[in-house]
Amino acid sequence: MSLHLSSDPDTLRQQFFQLKSRDDLLNLLDISQQQLLYYLYICPENKRYRHLRLRKKRGGYRTIYAPATHLKIVQQKLSSILQLIYEQKPAVHGFVPHKSIVSNAAMHLNKTYVLNLDLQDFFPSINFGRVRGLFMNQPYYLNEEVATILAQICCHRNTLPQGAPTSPVISNMICAKLDRELLRFAQANRCVYTRYADDLTFSTNTRQPPSKLVRRTEATASIELGRDLVSIITANGFQVHPEKSRLQVKGRRQEVTGLTVNHFPNVPRRLIRQIRAMLHAWRKFGLDAAQQHYYAHYCHRQYPVFKPRPPFRQVLIGKIAFVGMVRGKHDQLYLRLRDQLLNLDPTYRAAVEKKAEETFILSTPLIKTEGKTDWKHIKHALRVLQAQGLYAGLSLDFDESLTEGGSSELKKTCYYLSRVKQAQIIIALFDRDEPNIIREVADGDRFKAWGNQVFSFVLPIPDHRTHTPDICIEFLYPDNNLLLVDEHGRRLYLSSEFHETSGRHKENPAISCLLSSKFKKDAKLSIIDASVFDANHRSIALAKDAFADYILHDQVPFNRMNLDGFKPIFDMIIAILRAETNKT
């Protein structure tokens, strides 16, 4: 049986949504009916999976189910197809391309509070019925026969088996609703939310942790999770592990998915001590003695018969490469550890360099913006322009979990992220309304390279704003788009529309604005999205959030916007990608 899928990704995606029968599924997976029937119904259960109980670091056991070879191939093929149809959520960093524990940790750098939660019995809690229901409901709408067969391929003993190739992507698909709801909850409480498998992390820079997120008792040093937070998790079929919730405060060590995040993603000190001890043992006692000592005293992991333990040198190469992945391949500590290994045996240079290269893969860039709604404008503009045949090869990820941080916070993020090598190119986009900031985050009209695949630039000035260059992203639209009125009679206003002293609208005196500070003669042109009232004291200003949502969701009349002002943004992003590619 071959792992190869004969169709291209678009065809596979289309075929999946058109599945009507068992024969359609057999054709999609390119397997015979006899093969499917054997592994689902005839093959004895004890030959379908091999079981292994592994001791957890913090106590207890984890059961791993390794599928038999041919069943594993079927699951690998199905997993590849499911990865094509799964709509990756921005908060998800586990089991998705180009993301890792490093990208997960990077979202929570330098925060006042970091809250870690663990979903109890994550894979076992996803049972056969939930998997079958997943395929029968929105957005897949497969019939019961096909959904049942898919669930039978993916499940073992009525649950999702940890160890099957399909389980990671299925778990992400099951958690899609949970991720959407927790992301909205986090944004409403000025937090950042990410999930890596069963590890949930929230972080914030508020002076006190939001009460709807967590309450802490100083006297007992205990914490109580917010009722709304727990309700969202339980309503989605999961339970919070009662012993694995931690609130970490700035000034003490903060960890996210095993990495410290106080200033930049970093490996635990105990790992560095262990690597140094392994190198010392090899140097002093020789490779064989070092290996025996390591497995006798430090490595208590159980290895099954079908997967023997790796050689000592391979373990050491992996640990050092992990340091390089987290801290960067030009990091001095990583280079010292790598060179010590190479001095012990220069023949391992190729293996070390290969392992390092596997770690640093150029990927779709992550766009971080200054305003919490800016990404919506850029995402919409790219979608529309690509439908017109422009920027066809450009793919972008957006940080959609933004809280209101402003330019100084984004600049600080660039600094900290640039301290270590990033697995993904990160591009920060700043408004053009603060001259002091502009000088620090851009090289004139070009981008700034911070190092380690971190870049930034400021909004390019569109032709229609050359006389008012101090712009935020909404000014990329021409005025006839910017001032569109919604169905409730609300719109954005410009500070130039009002008299400097009275705050009355120059063309319609019945309209007034209370934000008098916006009307000084030397003040820059600004957008007013609040405190504008008509003669009946009714608020008629449209919030920037609502304006962005109208555009993102193609709400009439905001569905025909002029997007010429956004083209220089994508041109700049492409210039950054080309520069980084040429460098490597």
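Quick note: the coordinates plus some simple rules give every number you see, no bench work behind them. This is a predicted model, so every value here is computed, not measured. Every residue, glycine among them, receives a Cβ derived from its backbone with ideal geometry; neighbour counts consider all protein chains shown.
The mean sequence separation of alpha-carbon pairs under 8 Å and at least six residues apart, normalised by the residue count of the chain, gives a relative contact order of 11 percent.
Counted by Cβ distance under 14 Å from GLY565, the other residues give a net charge of -4, where Lys and Arg count +1 and Asp and Glu count -1. Across the stretch 79-149, the mean sequence separation of Cα contacts (distance under 8 Å, 6 or more residues apart), normalised by length, yields a relative contact order of 13 percent.
Distant-in-sequence amide contacts of ALA164, defined by a placed amide H-H separation under 5 Å and a gap of 5 or more residues or a different chain, comprise TYR65.
Report note on the peptides 166-179, 434-447: ranked by the mean count of other C-beta atoms within 10 Å, highest first, their order is 166-179, 434-447.
For LEU115, nonlocal amide neighbours, meaning residues 5 or more places apart or on other chains whose placed amide H falls under 5 Å from its own, are PHE202, SER203, GLN248.
The phi torsions of the stretch 500-509, fed into the Karplus equation with coefficients 6.51, -1.76 and 1.60 and a -60° offset, translate into couplings of 5, 9, 7, x, 7, 5, 5, 9, 9, x Hz, rounded to whole numbers, with Gly and Pro shown as x. Dividing the summed helix terms, -39500 (n - 2.57) for each DSSP H run of n ≥ 4, by the number of residues in the chain produces a 222 nm estimate of -11500 deg cm²/dmol to the nearest 500.
Taking each residue as 0.36 nm, the span from GLN152 to GLU500 lengthens on full extension beyond its C-alpha to C-alpha distance by 118.2 nm. Calculated FRET efficiency, HIS464 to TYR86, Cβ-Cβ distance, R0 = 30 Å: about 0.15 to the nearest 0.05. Estimated from the Cβ-Cβ distance and a Förster radius of 35 angstrom, the FRET efficiency linking ASP549 and LYS250 is about 0.60. Using alpha carbons only, how many angstrom separate the centre of the stretch 432-506 from the centre of the stretch 523-584? About 9 Å separates the Cα centre of the stretch 432-506 from the one of the stretch 523-584.
For LYS412 and LEU515, the FRET efficiency from 1/(1 + (r/R0)^6), where r spans their Cβ atoms and R0 equals 35 Å, is about 0.80. Summarising the strand pairing of the stretch 479-561, around 90 percent of its internal DSSP beta bridges are antiparallel. Antiparallel beta bridges, as assigned by DSSP with both residues in the chain, represent about 75 percent of the total such bridges. Taking a label point 7 Å from the Cα of ARG50 along the Cα→Cβ vector, which residues of the stretch 72-94 have an amide N closer than 20 Å to it? Under cut-off, by backbone N: 72-77.
For the stretch 162-175, the Karplus equation 6.51 cos²θ - 1.76 cosθ + 1.60, evaluated at θ = phi - 60°, returns couplings of 6, x, 7, x, 7, 4, x, 5, 4, 4, 5, 5, 4, 7 Hz by residue, with Gly and Pro reported as x. Positive contributions from Lys and Arg (+1) and negative ones from Asp and Glu (-1), summed over other residues with Cβ under 12 Å from the Cβ of GLU224, come out at +4.
Taking θ as phi - 60° and the Karplus parameters 6.51, -1.76 and 1.60, the scalar couplings of the stretch 433-449 work out to 10, 10, x, 5, 5, 4, 5, 8, 10, 8, 9, x, 8, 9, 7, 9, 9 Hz in sequence order, x denoting glycine and proline. Amide H contacts of ALA428: LYS368, PHE455, SER456, PHE457, each under 5 Å away and 5 or more positions distant or on a separate chain (H built 1.01 Å from N in the peptide plane; Pro and chain starts excluded). Take each peptide in 507-513, 190-196, 474-480, count the other Cβ atoms within 10 Å of every residue, and average; sorted highest first, the result is 190-196, 474-480, 507-513.
Here the simple spin-label model places points 7 Å from the Cα toward Cβ, and for HIS4 and ALA289 these points are separated by 5.2 nm.
The Cβ shell under 12 Å around ARG336 holds other residues with a net charge of +1, Lys and Arg each +1, Asp and Glu each -1.
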